[in-house]
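Okay, so here's the structure we're looking at.
The values are calculated or read from the model by the stated rules, or taken from the named source; none is laboratory data. Predicted model only: the values in this text are computed from it and were never measured. Because the Cβ atoms are built from the backbone with ideal geometry, glycine has one as well, and the counts that use them run over all protein chains shown.
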Amino acid sequence: MSHADNLLEVRGLAVHYPGRANWFFQKGVPKKAVDDISFVIPKGKTVGLVGESGSGKTTTGRAIVKLAPLTAGQIFYQGTDIGSLSNAEFLPWRKKIQMIFQDPYNSLNPRADILSILSEPLEIHFPQMSRSDRAERCVELLRCVQLPAEHLRRHPHEFSGGQRQRIGIARALAVQPELIICDEPVSALDVSVQAEVVNLLQDLQEQLGLTYLFIAHDLAVVEHVSDHILVMSKGGIVEQGSPAEILGNPQEAYTKTLLAAVPRF
Amino acid sequence: MSAEPLLKVQDLCITFHAGDSATVAAQDVTFSIAAGEVLAVVGESGSGKSVTALALTRLLPPPPTCTVTGSVMLGGVDLLKLPDDKLAKVRGGSIAYIFQEPGTSLNPVYTIGFQIGEAIALHRPEVKDIKSEIQRALQEVRITEPERVANQYPHELSGGMQQRAMIAMALACNPKILVADEPTTALDVTIQKEIMDLLARLRRERGMSILLITHNFGIVANFADQVQVMWKGRIVEHGPVSEIMRTQAHPYTRALIACIPRLGQRRRRLTTLTEELKVSP
C-alpha cells in the first residue's frame, strides 16, 4: 500500500462544512475548508504547511487527528486507513499522533496544576501505570522540555508564554507519540522565545526520532524547520517542494505574494 | 534632531505596588517624537514597552497600585499633571491607540459604525453629519464597502478588517500621535504587510507621528525612522534605524536581531538569548 518510508499519507482529503440554510430551509452552499489535497509525511522528517488564515491549514491538521470531520479522502498511517475509523477505534492512534497548539494561554486548563495536566494523557493511554510511576514520568517530561521538576505543583498562570508552550510540548510527548502536529506553535511568542522553542522542537526530533507536521504562516520559520514545504491557499495545496525550491524558485503567484510579504532587513 | 519635538517624555518611572513589594516596570525613560516621525520601541514581553505607551495618557491603574513619575510634555502641557476632564480630550483626541488584538479591543455588542461615530461625537462635536464622517473614515483605511462594514459587528469581520476598523476609529479624530502597540502581531504576514503599508501611507498623507511598539526588527527596519530598544524597563539603545541596525552596539539588540530566522539564510540552529539577557524566564 503506502510506501514504507512514509509515516502518513493523505489522499484526496476534503473537509466541507454545511452552509447556513436560508429562511426557507433550503440548504446553503457548503464551505469547502479543505478540498481534495494529497501529500505524504516521511518518517523522521518535518513537513511544513504554510498559508494564510482561512487557507485550510489548521483544518488539515485537525482532520488528521479526527478533530475535524472528513468529507472525502483517506488518511493512511503506516498503511492503515485511519480516516475511516470510529472514535473508539482511533484511540490507539491518538497515542501515536499528538498535537501542539498555537495559544499556550488557552490550551492549558487554568484550574489544573502541571502534574495533572501532564498526568491526564498518561491515565488515558497507560491505565496500568501506578501513581508514583506517573509522577516520575512527569518529572522526566519536564526535564525533556528543560523545566525544573519543582514546577509540577504550579498552575499555568504562573508561567510565561514560552514556558507554557514547553508544557504543551511536554503534554504532547507524554504518551510517546511518533507524529506531532504543531499548529502555529511559535506564532504567539516573542522572537527570542520563538527561537528557543524551535530549537527545542528540533532537539527533541533528533533525540526521539519524531516526525512533525509544522503548520505556520511565517515562511522564514517554516523554511528553517522543514524538509519539505506545502503551500496552501483556499483549501487546496497550490505548490509543494523542498525549501530551496519553494523559496528559491516559487512557481505560483500565491507563493510569490507570501514571500513578498515577509519583512526583510 | 532639528525639528521641535511634538511629544517629550522625561525620566518616566513606572512602579507597580502589591502589598509590600514594588516592581519597577520602567525606569528613567526619556525620549521624544517629532511631528511626522515613526519611533519604534523594541523589546520583548516584560521589557516595559507597553506600560510606557499606556503611561503617556495615564491609562495605567491609579495609585496606590501604580505610580508614575517624570513628565510627558505634549504642546507645553504635562499630561501626567493634567486634570482628568482635560486628559479625556487628549485620549483618543491628540493621542490615539491601536492594540494587538483588534478582536478584544472592539466592543462586541455594537456595530463598527456606532463605535467610530461614538469617538467622533466625543472628540469632534462640531461635526454635523456623523454618518458621512464614518463612511469617510472607513474609506480612508481602504475598506471597499464602507456602508456594509459600518453596519457589521466585530465578529463578522476578519482579523485584518478588524484592525482596519480599529485604525479608522483611531484616526477619525485626527490624532497627532498614533500609538500602535504590536498592531500586526496577531495577523498573517500578508495582512501584516497590508496594515503596515496602510499605516505608512496614512502617516505620509497626514503628517502624523507614530509610536510603534513591536518585538519584530523586520518591521522596524522597513517602517520606522528612529528606534529605541528597551530591556528590563530601561532604554538601552536608541538612534536612527539604519544606524542601530548597522552598529547593534548593545548585546541585547544584537541578540534580538540574531534570533530571527531569515528567508534564504538557513542555519542549523537559531540563536537564542543568553541567561543574563533574558527578560522573562
What number goes with the only condition from (1) buried (at least 21 other Cβ atoms within 10 Å of the Cβ); (2) in a helix (DSSP H, G or I); (3) within 9 Å of chain A (Cβ to nearest Cβ) that B:LEU273 does not pass? (2)
When the residues of segment A:158-175 are narrowed to those that are assigned to a helix (DSSP H, G or I) and within 14 Å of chain B (Cβ to nearest Cβ), which ends up surrounded by the fewest Cβ atoms within 10 Å (Cβ to Cβ)? A:GLU158
Is it fair to say B:GLU205 is surrounded by fewer than 20 Cβ atoms within 10 Å (Cβ to Cβ) and either in contact with a helix residue (DSSP H, G or I) (Cβ under 7 Å, 6 or more places away or on another chain) or part of a loop (DSSP other than H, G, I, E, B) (or both)? no
So B:VAL241, is it in contact with a Gly (Cβ under 9 Å, 6 or more places away or on another chain) and at pLDDT 95 or above: no
Any residue in segment A:223-237 that is assigned to a helix (DSSP H, G or I) and free of Cβ contacts under 8 Å to residues at least 40 places away in the same chain? yes
Would you check if A:ARG131 is in contact (Cβ under 8 Å) with a residue 12 or more places away in the chain and surrounded by fewer than 17 Cβ atoms within 10 Å (Cβ to Cβ)? no
Please go through segment A:197-208 and give me each residue that is surrounded by 20 or more Cβ atoms within 10 Å (Cβ to Cβ) and out of contact with any Leu (no Cβ under 8 Å at 6 or more places or on another chain), ordered by number. A:LEU201
So, in segment B:11-54, exactly how many residues are charged (D, E, K, R) and free of Cβ contacts under 8 Å to residues at least 40 places away in the same chain? 1
Go over the candidates A:GLU150, A:GLU178 one by one and state the one that is surrounded by fewer than 21 Cβ atoms within 10 Å (Cβ to Cβ) and modelled with pLDDT of 95 or more. A:GLU178
Pick from A:LEU204, A:LEU200: which is facing another protein chain (nearest Cβ under 10 Å), outside any loop (DSSP other than H, G, I, E, B), within 16 Å of the chain's Cα centre (by Cα) and at pLDDT 95 or above? A:LEU200
Reported set for segment A:91-122 where residues are assigned to a loop (DSSP other than H, G, I, E, B) and touching a residue at least 24 places away in the same chain (Cβ under 8 Å) is A:PHE101, A:GLN102, A:ASP103, A:PRO104, A:TYR105, A:SER107, A:LEU108, A:ASN109, A:PRO110, A:ARG111, A:ALA112, A:ASP113
Can you report the number of residues in segment B:213-236 which are in contact with a strand residue (DSSP E or B) (Cβ under 7 Å, 6 or more places away or on another chain) and within 12 Å of chain A (Cβ to nearest Cβ)? 7
What do you reckon, is A:LEU147 within 14 Å of chain B (Cβ to nearest Cβ) and not in a helix (DSSP H, G or I)? yes
